[in-house]
Every structure is written in C-alpha cells, then in structure tokens.
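Trainee: I have a structure I would like to understand better, so I am pasting it below and will then ask my questions one at a time.
The values are calculated or read from the model by the stated rules, or taken from the named source; none is laboratory data. Just so it is clear, the structure is predicted and the values come from calculations on it, not from any experiment. With ideal geometry, Cβ positions are generated from the backbone for all residues, glycine too; neighbour counts draw on all protein chains shown.
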Amino acid sequence: MRSELMVRLAPFTLAPLYFELVFLTFCFLFCFSTEFERKVVEATSTAEALQKSLDAKASDRSALEAVVTSACEGLGVSASGSSLRSRVEALYSRAGERMREALHGGVKKALAVVSSHYADIDLPAVCEGYVLPDDETEAQEEVQRLEDAAAALGDALAAFFDDEVELPPLEVQGPTQTGQQDP
C-alpha cells in the first residue's frame, strides 16, 4: 500500500522540484543572456573596428603595389616573382646598378677631363688610387684634405655634365589609377 501511495503522490512531490528547476533555469538563462548579449555587442564592435583597420591596410597595400608596379615599369625592371617583396627587391637592385653606372660614368668623365689637360699623365697609375703616407692616421687626414679641396671644384665639373644626364620619364599615377588620393 505504501508503494502505491508513493506512486500516486510522486507527481505532487516532484512538482515543486520541477518548478524550482524551471525557475532556476529561467533565472540563469536571463542573467546569462544579458551578459551574453553584452559580450556579443562588445565582440561585434571589436570586429567592426578590426574590419575597418584591415580595409585601410588593404587599401594602403594596393596603393603601394600600384606605385611599385609603376616604378618597375618606368625603370624597365622585371621582377623574378609577382610578390610585392620581389618587386621592391628588384627595384633596390636596379637602383644599385644605376648608382654604380653613374659612379663609373663620372670617374670616366673625370679621367677624360684630366687627360685633356695633362697629355703625359699616367692614367694607369692614377687608377691605382691615392698616393698616401704609410701612417694610417696621416693617410686618413690626407684623403680628407684632398676631398675637401676637390669638393667645390668637383661640383663645378659635375655641373658641366648635368645636361648629359637623362632620367627615364616619371609616370605619375593619379587617384583614379590607384584608388587613393595623394596626402
């Protein structure tokens, strides 16, 4: 009999526990949903800020790629790869080549000018470099003195040849080509 009574009373004894469980679940979900909603809003605003930053970086990179591509085309540089890095490295290498070419051309011009003034000059001896004292400190001081003495005259001689310098045409990309306006 007692077991029969327990079976009949079981729904009534479990009902308060059930309602308490539902109530606690509701409270937990309500509290959790408020905190969850706050975190969702926070995460959304962070994601939006990151997206704006990413878009700006992508835009800057596109503008940089356009400028580097234009420079490569203008200087006749063909990069070994298609990456921005390989194109910049190719430009750097080409700039070094152009500097060496300019240096060599300038030295040849200077030797030609000196030869025109001194017919009996021993150019191979001149091409061996400075004639300096053996003491390193004295040698450095003498090189500095010689370079200081030649600085203004060297600029004047270089200016004499300025008309011979030919630069490749500079093709400037406007805002419609890169999608960016100059600052």
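Trainee: Against the condition in a helix (DSSP H, G or I) and within 39 Å of the chain's Cα centre (by Cα), how does residue 107 come out, does it pass? Give the derivation first.
Mentor: Values: in a helix (DSSP H, G or I): yes; within 39 Å of the chain's Cα centre (by Cα): yes.
The answer is yes for residue 107.
Trainee: Could you tell me whether residue 46 is over 48 Å from the mean Cα position of the chain (by Cα), at pLDDT 65 or above and surrounded by 10 or more Cβ atoms within 10 Å (Cβ to Cβ)?
Mentor: Values: over 48 Å from the mean Cα position of the chain (by Cα): no; at pLDDT 65 or above: yes; surrounded by 10 or more Cβ atoms within 10 Å (Cβ to Cβ): yes.
Answer is no for this residue.
Trainee: Across segment 87-116, what is the total count of residues that are surrounded by 14 or more Cβ atoms within 10 Å (Cβ to Cβ) and not hydrophobic (A, V, I, L, M, F, W, C)? Lay out the reasoning, then the answer.
Mentor: We begin by selecting, within segment 87-116, every residue surrounded by 14 or more Cβ atoms within 10 Å (Cβ to Cβ); these are 87-91, 94, 106, 109-111.
Restricting the remaining residues to those that are not hydrophobic (A, V, I, L, M, F, W, C) gives 87, 89, 94, 106, 109.
Final tally of qualifying residues: 5.
Trainee: Can you name the residue in segment 76-86 that is under 20 Å from the mean Cα position of the chain (by Cα) and surrounded by fewer than 16 Cβ atoms within 10 Å (Cβ to Cβ) and, of all such residues, is nearest to residue 158 (Cα to Cα)? Lay out the reasoning, then the answer.
Mentor: Residues of segment 76-86 under 20 Å from the mean Cα position of the chain (by Cα): 77-86.
Narrowing the set further to residues that are surrounded by fewer than 16 Cβ atoms within 10 Å (Cβ to Cβ) leaves 78, 80-86.
Working: 78: 31, 80: 35, 81: 38, 82: 38, 83: 38, 84: 36, 85: 35, 86: 34 Å.
Once the filter is applied, the top-ranked residue is 78.
Trainee: (1) modelled with pLDDT of 90 or more; (2) among the β-branched types (Val, Ile, Thr); (3) within 30 Å of residue 78 (Cα to Cα): which one isn't true of residue 137, the others all being true?
Mentor: (3)
Trainee: Here's something else I'd like to know. When you go through (1) at pLDDT 85 or above; (2) under 25 Å from residue 158 (Cβ atoms); (3) assigned to a helix (DSSP H, G or I); (4) not aromatic (Phe, Trp, Tyr) one by one for residue 57, which number turns out not to apply?
Mentor: It fails just one condition, (2).
Trainee: I would also like to ask the following. Restricting attention to segment 134-162, report how many residues are part of a loop (DSSP other than H, G, I, E, B) and surrounded by 11 or more Cβ atoms within 10 Å (Cβ to Cβ). Break it down stepwise before answering.
Mentor: If we filter segment 134-162 for residues that are part of a loop (DSSP other than H, G, I, E, B), which is where we start, we get 134-135, 161.
Okay, now just the ones that are also surrounded by 11 or more Cβ atoms within 10 Å (Cβ to Cβ), so 161.
Summing the residues that are part of a loop (DSSP other than H, G, I, E, B) and surrounded by 11 or more Cβ atoms within 10 Å (Cβ to Cβ) in segment 134-162 gives 1.
Trainee: Which one is nearest to residue 89 (Cα to Cα) among residues in segment 39-74 that are of a type outside the set (Gly, Ala, Ser) and touching a Ser or Thr at 6+ places or on another chain (Cβ under 8 Å)? Full working, then the answer.
Mentor: Our first condition is that a residue be of a type outside the set (Gly, Ala, Ser); within segment 39-74, this holds for 39-42, 44, 46, 48, 50-52, 54-55, 57, 60-61, 64-65, 67-69, 72-73.
If we keep only those that are touching a Ser or Thr at 6+ places or on another chain (Cβ under 8 Å) as well, we get 67, 72.
Details: 67: 14, 72: 11 Å.
Checking each candidate, the answer is 72.
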